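Please treat every number below as a calculation from the coordinates, not as lab data. Remember, predicted model here, so these are calculated numbers, not experimental data. As a convention, Cβ positions derive from the backbone with ideal geometry for all residues, glycine included, and neighbour counts pool all protein chains shown.
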Amino acid sequence: MDIHHLLRMANQIGTFFEAMPERDQALQEVAQHLRKFWEPRMRRELLAHLDAGGAGLRPIVADALRAHRALVEPPAATSDS
């Protein structure tokens, strides 16, 4: 998936939740939304982008990913070996 498309979508989510009066709650809501509505591959790509510097991410999205990474991060793939 195109990272620019992911950034645009993530930033739109961030813009929506940015209006919440409680910043900590807004950060959690961003993370919960990503977990609930984004497929694991999309979340992995967004987290990889954050780890590479996060250029283009709105601060609320970057902060949400850092604060609630465990919530957003998909479980590691397991093998049957």
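Things to note:
- Net charge of Cβ neighbours under 15 Å - reference Q25; Lys, Arg +1; Asp, Glu -1: -4
- Note on Rg and Dmax of the Cα atoms in Å: of the candidates (i) 34.5, 118; (ii) 11.3, 34; (iii) 12.6, 49, the value calculated from this structure sits at (iii).
- By the Kirkwood approach, averaging reciprocal distances over each pair of separate Cα atoms, the stretch 1-48 gets a hydrodynamic radius of 11.1 Å.
- Label-point gap, in nm, between H4 and D24 - each point 7 angstrom along Cα→Cβ: 3.9
- Coil-residue GluC sites (Glu not before Pro) of the chain, DSSP, other Cβ within 10 Å capped at 16: E22
- Taking all Cα pairs closer than 8 Å and separated by 6 or more residues, the relative contact order of the chain comes to 39 percent.
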